[in-house]
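The values are calculated or read from the model by the stated rules, or taken from the named source; none is laboratory data. The structure displayed is predicted, hence computed values, not measured ones. Cβ: placed from backbone, ideal geometry, glycine included. Neighbour counts: every protein chain shown. Heads up: the accessible areas ignore ligands, DNA and RNA and are worked out on the full protein's heavy atoms, side chains in. Shrake-Rupley method; radii C 1.70, N 1.55, O 1.52, S 1.80 Å.
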Amino acid sequence: MQEGRFDDAVRNLRTALEVRPENGDGWSILGIVFRQQGKYDDAAAALRKAIALLPQQPGPHITLASVLQEEGKQDEAAARGRLRRI
């Protein structure tokens, strides 16, 4: 991912998540990679899985709000921000 080889990163992360689907950090990183690729729907899905597994981690919430905002889903992004503060 850090070398810009996003397709390889996605492939490796998906393989790792098949073995350990409960890895919230893995889902979060996958969401970040998808965001870098501009695959916002895939990013949001991965980040939602990360949030389900790591509800107290702020990173996936923040990244999901950013993805939603980039998609033009301002209301949902704002609601995500309010949910995080509760």
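Looking at the stretch 65-83, is at least one residue of a type outside the set (Lys, Arg), surrounded by 13 or more Cβ atoms within 10 Å (Cβ to Cβ), part of a helix (DSSP H, G or I) and in contact with a Pro (Cβ under 8 Å, 6 or more places away or on another chain)? Within the stretch 65-83, not a single residue is of a type outside the set (Lys, Arg), surrounded by 13 or more Cβ atoms within 10 Å (Cβ to Cβ), part of a helix (DSSP H, G or I) and in contact with a Pro (Cβ under 8 Å, 6 or more places away or on another chain). Just to be sure before I move on: is GLY59 at pLDDT 95 or above and either open to solvent by less than 50 Å² (accessible area, probe 1.4 Å) or closer than 16 Å to ARG80 by Cβ (or both) in the structure I sent? Criteria not met by GLY59.
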